[in-house]
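K.L.:
Submitted below is the structure of interest, expressed as structure tokens.
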Amino acid sequence: MNHTSRYTGLIEKYRDRLPVKKETRLISLGEGATPLIRLQNIPRTLGKQVELYVKYEGLNPTGSFKDRGMTMAVTKAVEDDSRAIICASTGNTSAAAAAYAARAGIACFVVIPDGKIAQGKLAQAMIHGAVVIQIQGNFDAGMALVKQVADEAPVTIVNSINPYRLQGQKTAAFEIIEDLGVAPDFHCLPVGNAGNITAHWIGYCEYSSASGKNVTAACTFCQGQCAFANGAVSKSRPKMVGYQAAGAAPFLRGAMVDNPETVATAIRIGHPQSWDQAWKVKEESGGWFAECTDDEILTAQKLLAEKEGVFCEPASATSLAGALRDIKTGRIPEASRVVCTLTGHGLKDPDTAIKQSTGPLHKVRAELGAVKKVIFDNMPR
Ligand code: AN7
């Protein structure tokens, strides 16, 4: 990145690696450049030596990793003169689509499952002025409808079957390599449609094949600051590990799941759109798929919030839940460098967070004595 200029989003930063022209109007909200936070307190309690990081994608403009894909998809939709975008969504895609459509000045239609999207995500689609179509069916039914309606109406699909989505999302892998100086040994992600795990693998592969060549010339914009300019960086790629919620785990069943159920509504998906690609990622990277129960997911969410100060939504905690288990059992060996993507912000789903918080709420009179008592009763010893 050119450090003399302001950060203006991932397309500008990685424009040499993305399908944009000089004159393309970029639809951006400053997405990307999210922090890679090294966990300090949780690893100490594991009794295992690992270097464990979370990539906090909840800090994107609409609170999830979808912004990386949406900036690309909407930029291309506008370049192609589309006047409306559409998506099916468990919530985060619709939030991002609504925001980027607003930014672009085009219409947005979102098809969401009845009653099964987190409150914050619904609020986002509504406040950005999307036309919200709530169906009596789940995400998979919505996705099927969106594909059909796009054949009959002038709307651009911005689900991850739109290849520009994965192009934008691959940049998260670039950032991780820039931050660490090398690829991690393991990269753990929650898996729904499997678009994001596929996009990360594209990013890691592009990077590892570029790093041997004269990459400084290939990457002019960053002036030697981005991952591609650093030819000394290792050519290694991580093992990609995909974790699914047990009630919505088609990759563990080896077949589509018709009635997916999980507290992690973002990944309540039984018919993943990137089915073939995700199996290829697993094979090529030497990784695996595993499943986590709702209990494990919520426990990890809370652990992260209480022990590290990082608040992610339940679906996102699936990556950490799985990684912690695989570190404990040794499937992820000691001395590994591990990155878990936290796909969405905890504020997306306040209801679930409040429901599982056991910390007492003290209702007292507005008097010094009453407040003081609570403090002294609860001081750490
Ligand atoms: C927080 O918003 O599919 O495996 O419609 O919101 O790339 O599908 C959301 C997916 C993980 C899974 N974590 O990513 C949608 C939608 C969060 C998510 C995933 C989603 P993919």
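The values are calculated or read from the model by the stated rules, or taken from the named source; none is laboratory data. What you are looking at is a predicted structure, and each value in this text was computed from that prediction instead of being measured. For neighbour counting, all protein chains shown are included, and Cβ atoms are generated from backbone atoms with ideal geometry for every residue, glycine included. In case anyone asks, the SASA skips ligands and DNA or RNA and just uses the protein heavy atoms, side chains included. Shrake-Rupley method; radii C 1.70, N 1.55, O 1.52, S 1.80 Å.
K.L.:
Looking at Ala123, Ala95, which is the one that is part of a helix (DSSP H, G or I) and surrounded by fewer than 18 Cβ atoms within 10 Å (Cβ to Cβ)?
P.N.:
Ala123
K.L.:
From the list Leu304, Leu324, exactly one residue is among the hydrophobic types (A, V, I, L, M, F, W, C), within 16 Å of the ligand (Cβ to nearest atom) and in contact with a helix residue (DSSP H, G or I) (Cβ under 8 Å, 6 or more places away or on another chain). Which is it?
P.N.:
On the way: Leu324 fails: within 16 Å of the ligand (Cβ to nearest atom).
None of the others qualify; the one that does is Leu304.
K.L.:
Pairs under 6 Å by beta carbon, first residue more than 12 Å from Val131 (Cβ to Cβ) in segment 94-120, partner within 11 Å of the ligand (Cβ to nearest atom) and among the charged types (D, E, K, R), six or more apart or different chains?
P.N.:
Correct list of pairs: Ala95/Lys121; Ala96/Lys66; Ala118/Lys348; Ala118/Asp349; Gly120/Lys348.
Yes/no matrix, rows are residues, columns are (1) surrounded by 24 or more Cβ atoms within 10 Å (Cβ to Cβ); (2) more than 15 Å from the ligand (Cβ to nearest atom); (3) of a type in the set (A, V, I, L, M, F, W, C):
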{"position": "Ser236", "(1), (2), (3)": "no, yes, no"}
{"position": "Gln273", "(1), (2), (3)": "no, no, no"}
{"position": "Glu308", "(1), (2), (3)": "no, yes, no"}
{"position": "Arg331", "(1), (2), (3)": "no, yes, no"}
{"position": "Arg337", "(1), (2), (3)": "no, yes, no"}
{"position": "Cys340", "(1), (2), (3)": "yes, no, yes"}
{"position": "Asp349", "(1), (2), (3)": "yes, no, no"}
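K.L.:
Give Leu304, Leu361, Leu342, Leu347 a once-over and let me know the one that is of a type in the set (A, V, I, L, M, F, W, C) and free of Cβ contacts under 8 Å to residues at least 60 places away in the same chain. Give the steps one after another, and end with the answer.
P.N.:
On the way: Leu304 fails: free of Cβ contacts under 8 Å to residues at least 60 places away in the same chain; Leu342 fails: free of Cβ contacts under 8 Å to residues at least 60 places away in the same chain; Leu347 fails: free of Cβ contacts under 8 Å to residues at least 60 places away in the same chain.
The match here is Leu361.
K.L.:
Can you confirm whether segment 169-190 contains a residue that is open to solvent by 10 Å² or more (accessible area, probe 1.4 Å), touching a helix residue (DSSP H, G or I) at 6+ places or on another chain (Cβ under 6 Å), under 20 Å from Lys239 (Cβ atoms) and near the ligand (Cβ under 9 Å from one of its atoms)?
P.N.:
The answer is yes, given that some residue of segment 169-190 is open to solvent by 10 Å² or more (accessible area, probe 1.4 Å), touching a helix residue (DSSP H, G or I) at 6+ places or on another chain (Cβ under 6 Å), under 20 Å from Lys239 (Cβ atoms) and near the ligand (Cβ under 9 Å from one of its atoms).
K.L.:
Pairs, please: C-beta under 7 Å, at least 6 apart or cross-chain, first residue assigned to a loop (DSSP other than H, G, I, E, B) and within 13 Å of the ligand (Cβ to nearest atom) and in segment 137-166, second hydroxyl-bearing (Ser, Thr, Tyr) and open to solvent by less than 50 Å² (accessible area, probe 1.4 Å)?
P.N.:
Asn159/Thr93; Ser160/Ser274
K.L.:
Taking Arg25 as the residue in question, decide whether it is without any contact (Cβ under 8 Å) to a residue 40 or more places away in the chain, of a type in the set (D, E, K, R) and more than 20 Å from Lys348 (Cβ to Cβ). Reasoning before the result, please.
P.N.:
Values: without any contact (Cβ under 8 Å) to a residue 40 or more places away in the chain: no; of a type in the set (D, E, K, R): yes; more than 20 Å from Lys348 (Cβ to Cβ): yes.
No: the conditions fail for Arg25.
K.L.:
From the set of residues in segment 38-64 that are part of a strand (DSSP E or B) and surrounded by fewer than 19 Cβ atoms within 10 Å (Cβ to Cβ), which is farthest from the ligand (Cβ to nearest atom)? It would help to see each step written out before you state the result.
P.N.:
If we filter segment 38-64 for residues that are part of a strand (DSSP E or B), which is where we start, we get 38, 51-56, 64.
So of that shortlist, the ones also surrounded by fewer than 19 Cβ atoms within 10 Å (Cβ to Cβ) come out as 38, 51.
Values: Arg38: 21, Glu51: 23 Å.
Filtering segment 38-64 for residues that are part of a strand (DSSP E or B) and surrounded by fewer than 19 Cβ atoms within 10 Å (Cβ to Cβ), the one farthest from the ligand (Cβ to nearest atom) comes out as Glu51.
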